[in-house]
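Here is the structure we will look at, set down as structure tokens.
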Amino acid sequence: MELAAVAATLRRRANPRILMASLLSFHCRQRCRRLGLRFLCSDRHAFVSQPPPPAPPERAAESFRTRKVLETFREDFEVGSRTISIETGKIARFANGSVVINMGDTNVLSTVASARGDGARDFLPLTVDYQEKQYAQGVIPTTFMRREGAPKERELLCGRLIDRPIRPLFPSGFYHEVQVMVNVLSSDGKQDPDVMAANATSAAMMLSDIPWNGPIGVIRVGRINGKFIFNPTMDELSLSDLNLVYACTTDRTLMIDVQAREISEKDLEAGLKLAHLEAVKYIEPQIRLAEKAGKRKKEYKLSMISDGTLEKIRNLAEAPIQVVFTDSAYGKFERGEALDKITQTVKAKLEEECDEESLKVLPKAIDTVRKQIIRRRIIDEGLRVDGRKLDEVRPLYCESGTYPSLHGSSLFSRGDTQVLCTVTLGAPGDAQRLDSIVGPPTKRFMLHYSFPPFSINEVGKRGGLNRREVGHGTLAEKALLAVLPPEADFPYTVRVNSEVMASDGSTSMATVCGGSMALMDAGIPVRVHVAGVSVGLVSDVDPSTGRIINYRILTDILGLEDHLGDMDFKIAGTRKGITAIQLDIKPAGIPLDIICECLEPAQKGRNQILDRMEEEISAPHTLGDGSTPRLATLKFTADSLRRSLGFLITQRKRIEQETGARVSVNDGAVTIVAKNQSIMQKAQEKISFLIGREIEVGGIYKGVVSSVKEYGAFVEFNGGQQGLLHISELSHETVSRVSDILSVGQELSLMCIGQDVRGNIKLSLKATIPKQDSLNDNLDGQASVVPANQAANVLDGQASVVPANQAATVLDGQASVVPANQAVNVWASPSLENTTCMENLGSSNDLQDESNELQSATCSSPAVVIRSAAECDAQDLAAGKQITTKRRKLSKSSPRPYNASLPHQDGGESPKNRDDVSLKKRRQTKKQKEMDAISGTKQKSDSTLKTVSLASDVDEKLKPRICADSLKLGDTVTAKVYQIRARGLVLELNGGIRGMFKFEVNGRRDFEVGKELLVRCSSFSSKGIPVFSLLEDE
């Protein structure tokens, strides 16, 4: 039977692979049965398996009861090139209405709920909460609690975008609390969820039992290269010169929000008409979904004023209200006080009549009567509350540079509305970080609008973010953003603060005007001025049909006209075109033709304001004038950044503390913001030295002397690079020794003059200084050149210049003048820290003679040999080892006292040193003769010179010369007392190095000039002068 079943199966499945697998499986099953193993039957390899027995009826019924079936309803449709779906019944089933809208991989949930109260109030408490949680883009919040906090600016703006089109469609008198909550469930980052949320909210309102005269359609329109795009992606929107959000019903406009780059009125009108045709495509799917899953509208109690009550209050208050609001002499607060008196008078009469019903609705009835009087006068007579014409702009006052200490400031007044705007500039790192699921991560231009209570003479609290303040500030920010220079040309972060000082309508448009002037006052290169004006509408509607039969358009509306009118149409732009629009209406829609008609009077009013602004300031001030901070962006090569960027980041705080500048490092560039040019220059020098710049021939660079040689010096500059400063490039004058001019650690400003044959960078000091006969010593530690006929002796930061026949020595603030036959003592200045091995005591002629003799006796190399820094360091290291060996031999014997009567104390010499000794004697004899000839007579010489003998000089010649570079802390050397001062000794080493020994309190002071002492190098002064201590004292 089993073989027959297998054969039948193989005939049904003639695939060779299945045939082979089936045969193998059959043999495996037979073997398992012979072994007594249990075999699990499967039909994966064409086995015939037994079908599972049918479940008992009781079990099938239980499985059906435990399985929940969600009844969902869905509508799919297309708008533009996007496929959109709306679905209900799957999520948030307990809400009064809930809809999930989908476009691509972006899903948004909108829910609606209404309170069960009686709605006894005189306004509609509608709340819209929009939230973007980070899980929608797969990110954990970076806050400390790892939770979303208070609503961000973008969430408040999206909430306003949903609130503005749905609020006018609630029935008049419906004052029950309604809450709309929108959550972004997922986002692909391609579509902005705000428009989707508005359409989902409209669909949720249609499904609920809340009375609402919808649905609506909301669409976003962009324009790229003159072509309009519907529902553009975020990438397309970044290339678009138009960002239009349009909301409407089937035949009327509800809301417009525009950000543009100077789009003309004609092009905007064309875009609005196209947007209306596409937006109505959202309406029909919502109606179909509501027919499938919508609830029956519930009857709510409406708070309406009866006709009899309204007529009674009108008879009492109409005449006095008409007197007040037709007299243009009344101001804003005078009209308010007069209206309060009328209200109190009517209230007293009603209380006498004990009319409780009329007392309950008295404030609202008085407001209704006032509204009817003002609107009828505007429509019938064309007269406004303040006596202006319909298209007349209020008187203007403009002032720029109100507070010169600020980066930029301005004061703008239109009528009684007054706004103070200030501008603050910062570094690119000061840009605001945006934690949004779509859009850019940072924002470098910010406008913060503030509406304090005192601006309307009220008392109130200043809390956190206010929806109205955020909305008005964003509108002004959009208007000004179109004229800002690109970030590549102007990398500053800009913050504009708008402080409303007095409010009587259209403070947001006053912010645009004041902000534009403040930007120019700050020196920001904006192309043109931007101005804004609010346009209002007063219409007469046919009660039977709801159509507008008559209307008037008002330019530059007052706060009262905004409250009693039908719309507030804010339009901002330049002479060339519109940059921002915000339309808010009160009735259930306004025809698009009337809205387009408002663009022309708005343009005329905007041009009037621009004329007055240009009279005050017509062009940006020069950036850097006054208190405007300086900003510089330094870009370095990849090698320089890779070498020093990490070090620069660690040193950033130190640079900021030392210079006062603000430094930010990002994207391979270093940005510096400083208050003035001097601070900027200091910061640039420090950063350029740490990182280095591109070396150019003729460029000036600052560096530090790293080593001094007989032919010049090696200088470290430009972020660790080394260059050669040859002795011939030190000064315009003849320089005998490099050590007379330079020392290790000295800071120099040098010019790059090229490269030598070895590839070393050639630097020049004399190319940076003017050629003149003599240069004064710089006490601040800069490089100085001392001619041959002068000598500078500096110790402890003091210097003096003396003629050639005298030499000055300074120690601890005391100076003395010695005859010219004594050696000139050249001490290191604050920047001249050490001397070199070639330093000598004598005139330039002696130096030349000695160098010639030493050259002929010891070496045959040329006078100047250019070597690399590595070669020089190796030679110095070898010399240091030889000096260390000889120093160890000297330290074994005790210091010998100086005795002039023993000129040949060290007469015993080895044969290899006799030639050197004879050479030293000839040089000393020649030197002594020249010194005697200069002094005139040997008997007139100072006693100090008498103690110096030929034998001791020869002895010093035989001792190893100690170089400044090789002298280290703890070295033990033999030094001679050169001079005795009030506070210490001037010691001279056999290498020509001078040092000091400071007297201690109650210490030894019985020293003699010329006496040799065994000393140890204990420290170095701040100027690099070695300080010694006596080994006898230790």
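The values are calculated or read from the model by the stated rules, or taken from the named source; none is laboratory data. Bear in mind that the values here come from a model prediction, so they are computed numbers and not experimental data. Using ideal geometry, Cβ is built from the backbone for each residue, glycine included, and neighbour counts are taken over all protein chains shown. SASA here: full protein model, heavy atoms, side chains in, ligands and nucleic acids out. Shrake-Rupley method; radii C 1.70, N 1.55, O 1.52, S 1.80 Å.
Can VAL184 be described as among the β-branched types (Val, Ile, Thr) and either open to solvent by 50 Å² or more (accessible area, probe 1.4 Å) or out of contact with any helix residue (DSSP H, G or I) (no Cβ under 7 Å at 6 or more places or on another chain) (or both)? No; evaluated as a whole, the condition is false for this residue. Taken over segment 481-505, the residue count meeting the criterion of being out of contact with any helix residue (DSSP H, G or I) (no Cβ under 7 Å at 6 or more places or on another chain) and open to solvent by 20 Å² or more (accessible area, probe 1.4 Å) is 10.
Of all residues in segment 985-998, one or more are without any contact (Cβ under 8 Å) to a residue 24 or more places away in the chain and open to solvent by less than 10 Å² (accessible area, probe 1.4 Å). Of note, GLY222 does not satisfy the criterion of being open to solvent by 40 Å² or more (accessible area, probe 1.4 Å) and without any contact (Cβ under 8 Å) to a residue 60 or more places away in the chain.
Among what's in segment 187-202 and is in contact with a Pro (Cβ under 7 Å, 6 or more places away or on another chain) and open to solvent by less than 10 Å² (accessible area, probe 1.4 Å), pick the residue that is nearest to SER98 (Cα to Cα). Step by step, filter segment 187-202, then rank; the result is SER202. Hey, can you tell me all the residues within segment 419-437 that are hydrophobic (A, V, I, L, M, F, W, C) and touching a helix residue (DSSP H, G or I) at 6+ places or on another chain (Cβ under 9 Å)? If the condition is that a residue be hydrophobic (A, V, I, L, M, F, W, C) and touching a helix residue (DSSP H, G or I) at 6+ places or on another chain (Cβ under 9 Å), then VAL419, LEU420, CYS421, VAL423, LEU434, ILE437 are the ones that fit. Considering segment 549-590, and only residues there that are among the acidic types (Asp, Glu) and more than 37 Å from the chain's Cα centre (by Cα), the residue that is most open to solvent (accessible area, probe 1.4 Å) turns out to be ASP562.
If you go through segment 265-299 and keep only what is open to solvent by 60 Å² or more (accessible area, probe 1.4 Å) and hydrophobic (A, V, I, L, M, F, W, C), you end up with LEU274, LEU277.
Pairing residues of segment 342-356 that are over 18 Å from ARG370 (Cα atoms) and modelled with pLDDT under 90 with residues that are surrounded by fewer than 16 Cβ atoms within 10 Å (Cβ to Cβ) and of a type in the set (S, T, N, Q), at Cβ distances under 9 Å and at least 6 apart in sequence or on separate chains, gives no pairs at all.
Of all the residues in segment 453-480, those that are open to solvent by 20 Å² or more (accessible area, probe 1.4 Å), out of contact with any strand residue (DSSP E or B) (no Cβ under 6 Å at 6 or more places or on another chain) and modelled with pLDDT of 95 or more number 1. Of the residues THR253, THR249, the single one that is closer than 22 Å to VAL112 by Cα and either of a type outside the set (Gly, Ala, Ser) or in contact with an Asp or Glu (Cβ under 6 Å, 6 or more places away or on another chain) (or both) is THR249.
Here ALA60 meets each of (1) in contact with a Pro (Cβ under 9 Å, 6 or more places away or on another chain); (2) of a type in the set (Gly, Ala, Ser); (3) modelled with pLDDT under 90; (4) open to solvent by less than 50 Å² (accessible area, probe 1.4 Å) with one exception, condition (4).
Scanning segment 707-735 for residues that are open to solvent by 20 Å² or more (accessible area, probe 1.4 Å) and farther than 22 Å from PRO770 by Cβ yields GLU710, GLU716, GLY720, GLN721, GLN722. The strands (runs of 3 or more DSSP E) found wholly in segment 88-175 and carrying at least 1 residues that are aromatic (Phe, Trp, Tyr) and touching a residue at least 24 places away in the same chain (Cβ under 8 Å) occupy 126-131. Sub-8 Å Cβ pairs linking a first residue in segment 680-701 that is on the phi > 0 side of the Ramachandran plot to a second residue that is at pLDDT below 75 and surrounded by 20 or more Cβ atoms within 10 Å (Cβ to Cβ), at least 6 apart or interchain, are GLY692/PHE636; GLY692/SER640; GLY692/ASN718; GLY692/GLY719, ordered by first then second residue. Candidates VAL697, VAL704: the one that is at pLDDT 85 or above, β-branched (Val, Ile, Thr), open to solvent by 40 Å² or more (accessible area, probe 1.4 Å) and closer than 16 Å to ILE761 by Cβ is VAL704.
TYR282 meets all of the listed conditions (1) assigned to a helix (DSSP H, G or I); (2) over 30 Å from CYS596 (Cβ atoms); (3) of a type in the set (Ser, Thr, Tyr) but one, namely (2). Pairs are defined by a Cβ separation below 6 Å, a sequence spacing of at least 6 or placement on different chains, a first member in segment 577-596 that is in contact (Cβ under 8 Å) with a residue 60 or more places away in the chain, and a second member that is of a type in the set (Ser, Thr, Tyr); the pairs so defined are GLY577/SER264; GLY589/THR249; ILE590/THR253; LEU592/THR253; ILE595/THR253.
Surrounded by fewer than 23 Cβ atoms within 10 Å (Cβ to Cβ) and either more than 30 Å from LEU634 (Cβ to Cβ) or in contact with a strand residue (DSSP E or B) (Cβ under 6 Å, 6 or more places away or on another chain) (or both), is that true of VAL528? For VAL528, the condition - surrounded by fewer than 23 Cβ atoms within 10 Å (Cβ to Cβ) and either more than 30 Å from LEU634 (Cβ to Cβ) or in contact with a strand residue (DSSP E or B) (Cβ under 6 Å, 6 or more places away or on another chain) (or both) - is met.
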